[in-house]
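Data first, discussion second: the structure below is written as structure tokens.
Derivation of every value follows stated rules applied to the coordinates shown; laboratory data play no part. Values in this document were obtained by computation on a predicted structure and should not be read as measured data. Methodologically, a virtual Cβ is constructed for each residue, glycine included, from the backbone with ideal geometry; neighbour enumeration extends over all protein chains shown.
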Amino acid sequence: MKIGIASDHGGFELKQELKLRLSRQNYTVVDFGNDALDSEDDYPDYVVPLSRAVANNEVERGIAVCGSGVGASIAANKVTGVRAALITDHFAAHQGVEDDNMNVICLGGRITGIETAFELVQAFLTAKFTYGERHLRRLVKADPSGFKLPD
Ligand code: RB5
């Protein structure tokens, strides 16, 4: 699976470690930056390009990290076709995909430690949308322009 990852300075350390671990698991990881720790950088500069790549199917899913995960989530959700959420627990990490077709997971680099974050990301990446009729109906209601029903 080809996935994308992005962070500002608040999530940089967690991004680097997640990238390393996911690469070892045979994921193809595209890094949308930042490429270096820069305390002056801004999360939208990395999260928005990542989100566009997810929306355009250049990568299958995205991981967006900032200090709290809040800014990353706000920025990602502005991109049509992206369904992002700040995740801190295992249940939401997989159910967000199964029911809500979440395609970007947002994490707080200053909130969630690497071991928990790695488990959350694995739960997110291995989960599949169920295409349940009621879930599709809710997604269309939530985002009429961004979510197309399958033919
Ligand atoms: C950056 O200092 C911090 O505000 C940012 O990483 C994030 O936490 C925003 O939501």
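Tell me, please, whether a residue that is of a type in the set (Gly, Ala, Ser) and outside any helix (DSSP H, G or I) can be found in the stretch 124-140.
From the stretch 124-140, those of a type in the set (Gly, Ala, Ser) are 127, 132; that's our starting set.
Restricting the remaining residues to those that are outside any helix (DSSP H, G or I) gives 127, 132.
Looking for residues that are of a type in the set (Gly, Ala, Ser) and outside any helix (DSSP H, G or I), one finds at least one in the stretch 124-140, hence yes.
Within the stretch 73-89, residues that are in contact (Cβ under 8 Å) with a residue 60 or more places away in the chain and more than 18 Å from Asp99 (Cβ to Cβ) sit with their Cβ atoms under 9 Å from residues that are more than 16 Å from the ligand (Cβ to nearest atom) and of a type in the set (A, V, I, L, M), at 6+ positions apart or across chains, in these pairs: Thr80/Ala55. Among the numbered conditions (1) within 14 Å of Val82 (Cβ to Cβ); (2) in contact (Cβ under 8 Å) with a residue 60 or more places away in the chain, the only one that Glu13 does not meet is (1).
Looking across the stretch 1-14, the residues that are under 15 Å from Asp45 (Cα atoms), not in a loop (DSSP other than H, G, I, E, B) and not polar (S, T, N, Q) come down to Gly4, Ile5, Ala6, His9, Gly10, Gly11, Phe12. Being more than 14 Å from the ligand (Cβ to nearest atom) and under 10 Å from the mean Cα position of the chain (by Cα) is the filter here, so list the residues in the stretch 35-59 that pass it. Across the stretch 35-59, the qualifying residues are Leu50, Ser51, Val54. Considering only residues in the stretch 77-106 that are among the hydrophobic types (A, V, I, L, M, F, W, C) and assigned to a loop (DSSP other than H, G, I, E, B), the one that is surrounded by the fewest Cβ atoms within 10 Å (Cβ to Cβ) turns out to be Val79.
Within the stretch 1-45, the only residue that satisfies the criterion of being of a type in the set (Val, Ile, Thr) and surrounded by fewer than 13 Cβ atoms within 10 Å (Cβ to Cβ) is Thr28.
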